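Written below as structure tokens is the structure these notes are about.
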Amino acid sequence: MTHDVSNGGSSPALENLSVEERRFPPSAEFAAQANVGSEIYAWASADRLGFWAEQARTLLSWQTPFTEVLDWSAAPVARWFGDGRLNACHNAVDRHVEAGRGDRVALHFEGEPGDTRTLTYAELQREVSRAANALVRLGVTTGDRVAIYLPMIPEAVIAMLACARIGAVHSVVFGGFSAEALRSRIDDAGAVLVITADGGFRRGTPSALKPAVDEALGGEQDALGPIDGSGAHTVRHVLVVRRTGADVAWTAGRDVWWHEALEAESDEHEPVWVESEHPLFILYTSGTTGKPKGIFHTTGGYLTQTAYTHLNVFDLKPETDVYWCTADVGWVTGHSYIVYAPLVNGATQVIYEGTPDTPHKGRWWEIVAKYGVTILYTAPTAIRTCMKWGEDIPGQFDLSSLRVLGSVGEPINPEAWMWYRRVIGGERTPVVDTWWQTETGGIMISPLPGVTAAKPGSAQTPLPGIAADVVDEEARPVPNGSGGYLVLTEPWPAMLRGIWGDQQRFVDTYWSRFPGIYFAGDGAKKDADGDIWLLGRVDDVMNISGHRLSTTEIESALVSHPMVAEAAVVGASDETTGQAVVAFVILRAEYRERVDEPGEGADVAATLRAHVAKEIGPIAKPRTILVVQELPKTRSGKIMRRLLRDVAEHRTVGDVTTLADSTVMDLISAGLNQPTGSAD
Ligand code: PRX
């Protein structure tokens, strides 16, 4: 039984419905003006490859048109539109100028301190051309890797597009990662250039970035040192954007100011035409081992799927919409739905440098009102934080321009979904819950806002052209009403083409659990209607505020501290951040007494939290650190994280029969009465 509750999220009848019974169909007005109707599903399933070919032809400009759609003969490495040639930056920028749309605003930049900058497509073309010329002058050529470590400023977009323009492969490293994390990513990709800034503004103060680059590159080094492939020595230059004006250390010969380099260049540059399968970027993401995976994406298929999903999932009208995605360019959402898809579609968008609560908790809503934002794409953790702050805050701003709301990064709980639609969307806007991953490149499972009767909390249906299912241990599709593993059963255009430098790991991680089909690592269930509900990760990957972190990576960081003998990390559910990092540590004997002294326990936790921030980045800091005497292990020595999760979530501890020593859990539980430290 289903109920249409589109007349109001707060009607009393709603409370009587189970979560799965709630439906929010689009209004007749919305459906009438939507870019696509329900017929698109039938078209795509009747001729999936023809459907994608048509998207690639109509949404992109090809210098050499393709004749081949999909070559899956070297599975699991796909070739999409393999004999076509194009350039990603030309598609995102130049062709709009050539078509007479140069005066359209591409970016409204809002700095955290309140400074603003507007870039039209014509201005963006000139800036990107200068940057491309500067990269070439610094010796960067097609196929080289460039690391980008920048705050959310227009230069981040320009730097990525400039790489794409010359066929160089960018590897953006989120500005919240530490020098250590940056170094390992630079090394793994063999980057020849780093683009960074003196810093960015966060929470009202300048936050430095350049020192981390200096540290990652090993401090002062000989300029133009040998390029012998040994670690950070592959880096020849560091291009530095001046953002905060803070003093920075300078390595002569290596470091170059961005503004000086660009000023010296022409604002014209001919894009380098590349094959459809030319690598566009590498983006590192956490896996189940300590070593991050360099997920790599190519050009034609990636641009096709991201542009198609952006246009239809958000019902984008490029002439009139003002689109805002609150992600950072350091994550895949920033790559696909800030830099590439919106620009390829010729959209006008807002980018914002800072945090939602600086200088006040209404900052986001003030920005929505100021620019007349019509489409907002954000993460459940942000929505829950705003719920906590209270609805009177958004209530102070005119949010009537909004017409579509999107959610991404983690399961959105029905309460947050309902609040988002009611308080931010004025009970008017469709809400699209979009499931996808760094690996998928673009949105895979989502409602279509003019078609789908939305169910709060469910991502619902694979998009037209996408094949997903929920299967059991033997790869058999589960019946409606049952749960299992989420898989993708057909190749899709924006799919990853591999893990940089480690194709075996690519095959092992995604294609071996169920041979021939892609294993996403997420649990899911199908409801009575066959709609998909995501249930979180089934592996040792945590999702903290929509960011992926690996338990193993944080454990390695903890044991690299001299105090720690052993560590186990779990993700415990958290009301605001979805999951929170909880660490169980065993100290080395010489430090054990310290925790028993008054006040010292908290110090140990603070020290270890700071250490994790240094090793990985502040986002990985455990919320809670518990010092224990033992860890629960199976007889083969595997840590039983399931039991630790029970402890961290204050549940009765589950089945302990496979433990080598079943008294361990009693010890841990007893010790928990005096937790060693919790973050604020
Ligand atoms: O567990 C799923 C969750 O985020 C993971 C992918 O993380 P990442 O590669 O960092 O990309 C995040 C942005 C696309 C997935 O395996 N996830 C992402 N979107 C959703 C989600 N879980 C539930 N619902 C979603 N809409």
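The values are calculated or read from the model by the stated rules, or taken from the named source; none is laboratory data. Here the structure is a predicted model, which is why all the values come from computation and not from measurement. Positions of Cβ are generated from backbone atoms using ideal geometry, with glycine treated the same way; all protein chains shown enter the neighbour counts. We work out accessible area using only protein heavy atoms, side chains counted, and drop any ligands, DNA or RNA first. Shrake-Rupley method; radii C 1.70, N 1.55, O 1.52, S 1.80 Å.
Within the range 407-457, work out how many residues are of a type in the set (Val, Ile, Thr) and open to solvent by 10 Å² or more (accessible area, probe 1.4 Å).
Residues meeting the conditions: 5.
Among the candidates Thr298, Thr326, Thr348, which residue alone is among the polar types (S, T, N, Q), touching a His at 6+ places or on another chain (Cβ under 8 Å) and more than 27 Å from His278 (Cα to Cα)?
Thr348
Could you go through the range 129-140 and let me know if any residue there is in contact with a strand residue (DSSP E or B) (Cβ under 6 Å, 6 or more places away or on another chain) and either on the phi > 0 side of the Ramachandran plot or open to solvent by less than 10 Å² (accessible area, probe 1.4 Å) (or both).
yes
Quick check, is Val373 more than 16 Å from the ligand (Cβ to nearest atom), within 26 Å of Pro26 (Cα to Cα) and surrounded by 21 or more Cβ atoms within 10 Å (Cβ to Cβ)?
Criteria met by Val373.
Restricting attention to the range 486-512, which residues are touching a residue at least 24 places away in the same chain (Cβ under 8 Å), open to solvent by 40 Å² or more (accessible area, probe 1.4 Å) and part of a loop (DSSP other than H, G, I, E, B)?
Across the range 486-512, the qualifying residues are Thr489, Glu490, Trp500, Gly501, Asp502.
Determine, yes or no, whether Asp508 is within 16 Å of the ligand (Cβ to nearest atom) and of a type outside the set (Phe, Trp, Tyr).
No; evaluated as a whole, the condition is false for this residue.
Just the residues that are over 24 Å from Ser184 (Cβ atoms) and either of a type in the set (A, V, I, L, M) or surrounded by fewer than 16 Cβ atoms within 10 Å (Cβ to Cβ) (or both), please, taken from the range 566-592.
Ala572, Ser573, Glu575, Thr576, Ala580, Val582, Ile586, Leu587, Arg588, Ala589, Glu590, Arg592
Given the criteria away from the ligand (no atom under 12 Å from the Cβ) and either surrounded by fewer than 18 Cβ atoms within 10 Å (Cβ to Cβ) or under 29 Å from Val77 (Cβ atoms) (or both), does Gly546 qualify?
no
Which members of the range 217-245 meet the condition of being more than 22 Å from Glu180 (Cβ to Cβ), at pLDDT 85 or above and open to solvent by 20 Å² or more (accessible area, probe 1.4 Å)?
Within the range 217-245, Arg242, Arg243, Thr244, Gly245 qualify.
Within the range 531-543, take every residue that is within 12 Å of the ligand (Cβ to nearest atom) and of a type outside the set (A, V, I, L, M, F, W, C) and give me the one that is surrounded by the most Cβ atoms within 10 Å (Cβ to Cβ).
Among those that are within 12 Å of the ligand (Cβ to nearest atom) and of a type outside the set (A, V, I, L, M, F, W, C), it is Asn543.
Hey, among Ala568, Ala528, Ala572, Ala557, which residue is part of a loop (DSSP other than H, G, I, E, B), touching a residue at least 60 places away in the same chain (Cβ under 8 Å), more than 12 Å from the ligand (Cβ to nearest atom) and in contact with a helix residue (DSSP H, G or I) (Cβ under 8 Å, 6 or more places away or on another chain)?
It is Ala528.
Quick one: how many residues across the range 481-509 are over 29 Å from Phe51 (Cβ atoms) and of a type in the set (Ser, Thr, Tyr)?
Qualifying residue count, the range 481-509: 1.
Among the numbered conditions (1) modelled with pLDDT under 85; (2) of a type in the set (Asp, Glu); (3) open to solvent by 50 Å² or more (accessible area, probe 1.4 Å), tell me where Glu600 comes up short.
So Glu600 meets the others, but not (3).
Return only the number of the condition from (1) outside the structural domain of Gly617 (by TED's automatic domain parsing); (2) more than 16 Å from the ligand (Cβ to nearest atom) that Gly483 does not satisfy.
Failing condition for Gly483: (2).
Which members of the range 292-336 meet the condition of being out of contact with any Lys or Arg (no Cβ under 9 Å at 6 or more places or on another chain), more than 11 Å from the ligand (Cβ to nearest atom), assigned to a loop (DSSP other than H, G, I, E, B) and open to solvent by 10 Å² or more (accessible area, probe 1.4 Å)?
Lys317, Thr320, Thr326, Asp328
Do we find a residue being within 13 Å of the ligand (Cβ to nearest atom), at pLDDT below 95 and hydrophobic (A, V, I, L, M, F, W, C) anywhere in the range 450-461?
no
How do the pairs read when you match residues in the range 432-446 that are closer than 14 Å to Ala467 by Cα with residues anywhere that are assigned to a loop (DSSP other than H, G, I, E, B) and within 7 Å of the ligand (Cβ to nearest atom), using Cβ under 7 Å and keeping only pairs 6 or more apart or on different chains?
Correct list of pairs: Trp435/Ala459; Gly442/Trp436; Ile443/Trp436; Met444/Trp436; Ile445/Ala459; Ser446/Ala459.
Which of the residues spanning the range 5-64 are touching a strand residue (DSSP E or B) at 6+ places or on another chain (Cβ under 7 Å), closer than 26 Å to Asp529 by Cα and modelled with pLDDT of 95 or more?
The answer is Phe24, Pro25.
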